[in-house]
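The next block holds one structure in the form of structure tokens; read it before the comments.
The values are calculated or read from the model by the stated rules, or taken from the named source; none is laboratory data. Computed from a predicted structure; not experimentally measured. Don't worry about glycine lacking a Cβ; one is built from the backbone with ideal geometry, like all the others, and counts go over all protein chains shown. Keep in mind that these areas ignore ligands, DNA and RNA; they rest on the heavy atoms of the full protein, side chains included. Shrake-Rupley method; radii C 1.70, N 1.55, O 1.52, S 1.80 Å.
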Amino acid sequence: MACLLLLLLLSLTHVAMAAAAGAGASRCHIPKDDGSTLHVLHAFGPCSPLGQYASWEDRVADLMGRDESRLAYLSSLAVAATGSASVPVASGRQFLQIPNYVIRAAVGSPAQSLLVALDTSSDAAWVPCFGCVGCTSATPAFDPARSATYLPVRCGSPRCTQVPNPTCPAGATACSFNLTYGGSSVQAALAQDVLTLASNVVPVYTFGCMQKVTGSSLPPQGLLGLGRGPLSFLSQTRDLYGSTFSYCLPSFKSLNFTGSLKLGTTGQPRVIKTTPLLSNPRRSSLYYVNMTGIMVGRKVLDVPSAALAFDPATGAGTVVDSGTMFTRLVAPAYMVLREEFRRRMRAVGPVTSLGGFDTCYSGSAVTPPSVTFIFTGMNVTLPPENVMIHSTAGSTACLAMAAAPDNVNSVLNVFANMQQQNHRVLFDVPNSRIGFAREPCTSA
């Protein structure tokens with residue numbers, strides 16, 4: 001089975017961008033792809049063309065705001081109506097992606113290099129296309145006219161009938177569609193072409209070719225959904241990768257460091273603790289798992305069972321997600337965790353807040369108690385750097401978790417990417433399991 005090693009080059013989440021912009025830019029170096037290795041950078045890091053920040057505080061506030069939108073998106077998926085098919089180009093809500101890691105892929109013949117975001121909670125595939133009105137100029141765009149293998153999906157085809165709001169005016173032969181979400185709208189064409197990841201080639205891949213965008217809700221780069229729906233990337237490449245992948249996300253302690261994403265069954269860890277994947281027919285792409293408890297130190301917290309229970313009817317439960325930055329817990333679970341965490345940190349000093357973080361402390365030597373998430377069949381104990389986020393100067397440290405937004409759809413606990421860092425996370429769809437193992441993946 002083919003195995004694709006994607007080398008992640010990510011950037012420090014809590015860098016003071018104003019200070020680092022000049023010095024950091026001179027150190028930015030993204031090597032060329034070689035063989036089966038793809039290089040990846042953090043979507044909003046100092047080496048990224050997608051955005052810069054004036055200060056650490058601005059960065060934290062913005063990422064927390066993006067997480068609010070991300071959680072609303074995940075909740076909307078969880079309560080989607082039954083019978084709706086998972087499709088390569090999804091509804092307006094599915095376009096509200098805030099993924100943190102991007103790779104360089106290529107589309108077309110000859111291949112055109114693009115930035116593509118990795119997202120475990122989406123089945124969608126789309127890229128900004130040349131001439132797209134409203135798409136950012138900061139990212140490369142795909143030009144269908146330069147590809148000899150580009151093929152519009154025809155009106156009346158099964159794929160066209162599955163996209164949201166398909167548009168086929170009288171006399172038209174090519175399928176297009178329109179989406180709206182909040183203050184944003186999208187007009188795109190449904191198409192097929194060759195997708196290349198390093199030396200691996202997917203000869204026919206279905207995706208949305210974005211033609212017009214209004215509003216600011218959409219991410220600027222393309223999207224490669226790693227969800228487990230029937231028309232996701234995993235399904236379209238089942239013969240190549242066997243619906244199996246894993247990644248290790250590096251810590252945010254250095255400006256330049258590496259991690260890896262492996263596609264396929266070859267090279268995956270042989271010894272790893274796993275928990276069963278749960279199936280939600282209302283949203284088959286989400287990676288639901290059964291979280292049964294939380295520990296702070298050695299104390300098992302008295303979390304109400306209803307706060308952790310899996311319920312396909314409402315979408316409640318726990319999902320593992322690569323696109324959310326900070327873990328979110330439904331309010332009853334978060335309040336119990338926060339109060340025990342604060343109790344054990346009383347000697348550190350008074351509690352302050354910063355943006356969406358409500359449990360922060362001053363000082364450069366803040367050592368948090370251990371936090372363990374208990375799942376069926378495995379425990380995941382977070383190292384200190386996965387528990388608290390520190391300011392650049394080290395003068396402030398905050399518990400890097402928060403309560404889910406207070407609305408009727410926010411019934412999800414989301415185990416997010418900061419809490420996953422420096423772990424090998426295995427997504428084994430054929431065997432319906434997900435696994436965690438500690439793995440330092442930060443290079444010197």
Probe 1.4 Å, all chains present, heavy atoms only: Glu385 accessible area in Å², nearest 10, is 50
For 111-124, 260-273, ranked highest to lowest by mean beta-carbon neighbours within 10 Å, the order is 111-124, 260-273
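Based on the Cβ-Cβ distance from Ser157 to Asn178, what FRET efficiency comes out when R0 is 22 Å, to the nearest 0.05?
Computed FRET efficiency for Ser157 and Asn178: 0.80.
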A student applying the Cα gyration tensor rule (rounded when a/c is under 1.5; otherwise prolate if a/b is larger than b/c, oblate if not) would label the stretch 246-345 oblate
